[in-house]
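Since every read-out is calculated from the coordinates, none of them should be taken as a lab result. Remember, predicted model here, so these are calculated numbers, not experimental data. As a convention, Cβ positions derive from the backbone with ideal geometry for all residues, glycine included, and neighbour counts pool all protein chains shown.
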Amino acid sequence: AQSVSQHNHHVILSEAASLELGCNYSYGGTVNLFWYVQYPGQHLQLLLKYFSGDPLVKGIKGFEAEFIKSKFSFNLRKPSVQWSDTAEYFCAVNLISSGSARQLTFGSGTQLTVLP
Amino acid sequence: NAGVTQTPKFQVLKTGQSMTLQCAQDMNHEYMSWYRQDPGMGLRLIHYSVGAGITDQGEVPNGYNVSRSTTEDFPLRLLSAAPSQTSVYFCASSRLAGYYEQYFGPGTRLTVT
């Protein structure tokens, strides 16, 4: 079964610091990749997604992610975080080259706290 | 356009009670799903549906039932609640499964005592 690993469980940064959150997945087939964000008390929202093409994808609010197929990784980055970026971030993978294409597998999440 | 709605927002059950969590979407999405969110475990898929009359199990289906009689609605039934089902439940919908973003509802926080 596919799995998604987010090794950073809690990241604390000061405003204007750069951010990189790691995401690795376990399957070598064709995948669609997503980053979702959950602000305090709110439901999940899509930050960005990768299906094919340019492995560097840009999302909302200045976030970007790079798909490195050889490393099975899809790390999320932001050059300069703001206090309003405090939230929980989830990486999610959909394996589209097998019968389980209909299941989206989430990582365990990374809580980002940005100090003002 | 309300998106994905869920009711109730909060619920407390006693062990052994049954209940239904409601989920509805008004985007004419084929795919709907239920997740539970537990601390440190991310979201885990309970059941999903690719259209009216078609449902399938996800990663953690035990203790839950679903049905999909219409495109809009996808209720989740807890047959006999257990403390291990204390969690936050999210419903989501999307167009073709796996190829489009999922839209999430606001969640239902369930406590089983």
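For chain A, the dipole from Cβ point charges (+1 on Lys and Arg, -1 on Asp and Glu) about the Cα centre works out to 280 debye, to the nearest 20. Roughly speaking, what is the centre-to-centre gap between segment B:79-113 and segment B:21-40 when only Cα atoms are used, to the nearest Å? Rounded to whole Å, the Cα centres lie 5 Å apart. Per residue of A:41-50, other chain Cβ atoms within 10 Å of the residue Cβ number 4 on average. Taking the Cβ-Cβ separation of A:ILE12 and B:SER18 as r and a Förster radius of 45 Å, what is the calculated FRET efficiency to the nearest 0.05? Computed FRET efficiency for A:ILE12 and B:SER18: 0.60.
Annotation note: trypsin sites (Lys or Arg not before Pro) in segment B:1-110 located in DSSP loop regions with a Cβ neighbour count of at most 10 within 10 Å are B:LYS9, B:LYS14. When the Gaussian network model of chain B links Cα atoms closer than 10 Å, the mean-square fluctuations of B:THR20, B:THR86, B:THR70 top out at B:THR70.
The aspartates and glutamates within cross-link reach of A:LYS58, meaning a Cα-to-Cα straight distance under 19 Å and a gap of 8 or more places when in the same chain, are A:GLU20, A:GLU66, A:ASP85, A:GLU88, B:GLU101.
P(r) tail, the protein assembly as shown: Cα-Cα pairs separated by more than 25 Å, 40% of all pairs. Here the Gaussian network model covers chain B, with springs between Cα atoms less than 10 Å apart; of B:GLY53, B:GLY40, B:GLY16, B:GLY40 fluctuates the most. Using θ = phi - 60° in the Karplus curve 6.51 cos²θ - 1.76 cosθ + 1.60, the 3J(HN,Hα) couplings for segment B:74-89 round to 8, x, 10, 10, 9, 7, 8, 4, 10, x, 5, 8, 4, 5, 9, 10 Hz; x is entered for Gly and Pro. Listed values for segment B:108-113 are Karplus-derived 3J(HN,Hα) couplings in whole Hz (6.51 cos²θ - 1.76 cosθ + 1.60, θ = phi - 60°), namely 10, 8, 10, 10, 10, 9, and x replaces Gly and Pro.
Hydrodynamic analysis of chain A uses the Kirkwood radius over alpha carbon pairs. Inserted into Stokes-Einstein at 20 °C and 1.002 mPa s, it gives a translational diffusion coefficient of 150 µm²/s.
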